[in-house]
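Everything on this sheet refers to the single structure shown next.
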Amino acid sequence: MKRKLLLSIALGLIILVIALKYYTDYVSNSAVKDYEKKYVAEFNDTHLADIESKNNLIPKIKERLINKFDKELYDSIIKVGSYQNSLIYSIIVSNKWDYSEASLNVFMGLTGLNKENSSTDLPQIDFLDEETRQMALHYLEKASNKENPNAKYILGKYYLQGKYVPKNVTLGNSLLQEAKKLSGGILE
């Protein structure tokens, strides 16, 4: 009798776990679809409605990103593209408009050239040649100096490890504390 009861409970738990897994997958997929609908459609409808041909594309982007800095257009390009595909825009916006997100996106675009970095919160840049590594670090520091919490977090970790920058525990801990404060405690 006890054995049947235990088996029934175990079977019930297994069914519950499977049901929760399918429910979680469903909710997750729905959220991704809603996000894509909202932002990809918004990008296509709102920001590129006036760009009807490829001949018109470059002058419009130049006007809106380089001459005037349309932050919404830049953010939309980043949302629908990869860091690598928007790298040139990020470099231009970072250099001309000193936008911290663009500076971090340059760093992320360079680190993203190694697929192993796609699933880590602390990108490794050993695979880059020395000049490109220094360029990546320059943009990371630039974003950190403009109070970007993600850049402060990554740079702080590098200083603590002495990786890519001289080891400096005090500076590393300070950057991590600033990142935590700027992110509302999300980055620890």
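Distances between every pair of Cα atoms in the range 100-175, grouped in 5 Å steps from 0 to the bin holding the largest one, split as 3, 18, 28, 29, 17, 4, 0 percent.
Note on S119: accessible area is roughly 100 Å² with a 1.4 Å probe, heavy atoms of protein only.
Shown is the FRET efficiency for T132 and L171, computed with R0 = 25 Å from the Cβ-Cβ distance and rounded to the nearest 0.05: 0.60.
Can you pick out the pairs among K115/K142; K146/K180; K79/K163; K142/K180; K71/K152; K152/K180 whose Cα atoms lie more than 20 Å from each other? Display every interim value, and only then the final one.
On the way: K115/K142 24 Å; K146/K180 15 Å; K79/K163 30 Å; K142/K180 18 Å; K71/K152 22 Å; K152/K180 9 Å.
Distance filter (> 20 Å) returns K115/K142; K79/K163; K71/K152.
Which residues does a label at E188 reach in the range 108-133, if reach means a backbone N under 19 Å from a point 7 Å past the Cα toward the Cβ? Output list for this probe position: 121-122.
The values are calculated or read from the model by the stated rules, or taken from the named source; none is laboratory data. The structure displayed is predicted, hence computed values, not measured ones. Heads up, the Cβs are rebuilt from the backbone with ideal geometry, glycines too, and the neighbour counts pull from every protein chain shown. Ligands, DNA and RNA are excluded from the accessible area calculation, which covers all protein heavy atoms including side chains. Shrake-Rupley method; radii C 1.70, N 1.55, O 1.52, S 1.80 Å.
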